[in-house]
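Contents: one structure, followed by commentary.
Only the coordinates and a few stated rules stand behind these numbers; no lab work does. Note that the coordinates shown come from a computational prediction; the quantities given were computed from them, not determined experimentally. Please note: Cβ atoms are built from the backbone with ideal geometry, for glycine as well, and neighbour counts cover all protein chains shown.
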Amino acid sequence: MPLTITRRSFLATGAAAAGTVALGLAPGRAQAQTAVGLQLSWLHSSQFAGSYIAKENGWWSEAGLDVSLLPGGPNAPVEPPVVAGTALVGISAADYTAAAVEQGAPFKILGVAMQKNPFVIASLPANPVNEPADLIGKRIGMALANKPVLQALCTLNNVDINGIEIVPTQYSAQPMLAGEVDCLLCWETDLPVAMTMQNVENLTMLMADHGYAVHSQTYIATEDSLANRRAELVALMAGEVRGWDAYRTDTDAAAALTLQMYPDAGLDLETQKLQAARQVPLMFSELTDANGFGWWSDDTVAANIETLALLGRDVTPDLWDRSILEEVHGA
């Protein structure tokens with residue numbers, strides 16, 4: 001497979017029967033179906049396999065929802081369909097949502113799928129980057145648009161960014177493999193997976209382990225939907241919770257389902273299996289084990305606010321609204 005994968009975060013600026021109980025629906029009884037859209041943040045892949053499991057198992061339909069999974073892509077931003085009502089919920093990230101809110105979009109973050117941001121610094125064992133200080137003297141391949149991300153990491157770890165040579169590159173591992181750069185700014189689940197599939201040994205330093213706290217793969221909805229479509233939001237999120245909990249128990253099966261549902265997406269099964277497995281530690285934590293999938297705490301929100309400020313985004317804790325998740329998990 002080629003070692004080139006496009007990624008929205010690279011192209012842009014920065015960076016349970018519970019559902020039926022909550023809705024008062026009788027299990028096993030036919031329900032009128034309400035059509036809703038879930039806008040994904042990228043093209044179909046195992047990145048969204050928890051949603052595929054929920055749909056395949058009928059967990060949304062038994063709660064009265066007919067959910068369309070709308071693919072994203074480089075020319076399909078998440079936020080406009082949610083504002084327009086084409087999608088009830090979108091999968092975004094805290095920095096994108098903060099930028100949209102600054103422009104007047106009435107969004108709230110309802111849940112956090114990726115507890116750890118997937119940004120990493122990828123390197124090779126012969127010239128490793130194990131901690132931010134190791135970046136000094138290195139050539140890093142990245143999009144210039146992501147310089148604020150690197151600057152935030154440096155600020156959080158008292159590293160002088162001027163000691164790092166930034167080399168503009170396409171979103172590919174080839175510049176590093178060719179010796180043109182020493183490391184890459186990328187996602188944990190794509191370029192490193194591609195290299196591993198090509199038997200290229202590589203290392204990743206997860207930026208979230210060094211203070212870079214930006215919630216990713218977040219669920220967003222409008223304030224109007226929160227006020228007037230709560231039952232649908234609860235049902236949709238309850239299905240997501242069940243789907244992702246099932247995903248965690250068998251990521252290989254989740255990858256296989258992805259190819260079964262989207263055979264024309266050009267996906268490779270073994271690659272999808274590795275991607276699915278590598279997502280688990282990003283999406284589940286002691287916090288989700290204690291409170292349920294999608295959860296966040298006041299402390300994680302405070303850390304996000306600090307990092308977002310370094311990215312030029314001024315937000316307050318009320319950007320996050322946990323009331324839907326509380327209803328799902330409470331039920």
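Okay, here's what the table says:
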read-out	value
W187 long-range amide H proximity, modeled H, under 5 Å	V120
Pair L203, A265: separation of 7 Å Cα→Cβ label points (nm)	3.3
Segment 255-331 versus segment 41-77: alpha-carbon centroid distance in Å	14
Reachable lysines, given that their alpha-carbon falls under 29 Å from the alpha-carbon of K147 and they are not under 8 places away in the same chain	K108, K116, K138
Segment 23-175: mean projected area of Cα convex hull, nm²	12.4
Which of H329, H215, H44 has the fewest Cβ neighbours within 10 Å, and the rest in rising order	H329, H44, H215
Calculated [θ] (222 nm, deg cm²/dmol) that DSSP helices of n ≥ 4 give over the chain, each run adding -39,500 (n - 2.57)	-11500 deg cm²/dmol
Ranked packing of 76-82, 47-53, 165-171, most packed first, by mean Cβ within 10 Å	47-53, 76-82, 165-171
Distance (nanometres) between label positions extended 7 Å along Cα→Cβ at D160 and L70	4.9
Inter-label distance for A133 and A32, nm, one decimal - labels placed 7 Å from Cα along Cα-to-Cβ	6.5
Segment 169-241 - convex hull of alpha carbons, volume per residue in Å³	152
Rounded, prolate or oblate (a/c below 1.5 giving rounded, otherwise prolate when a/b exceeds b/c) for the chain by Cα gyration tensor	prolate
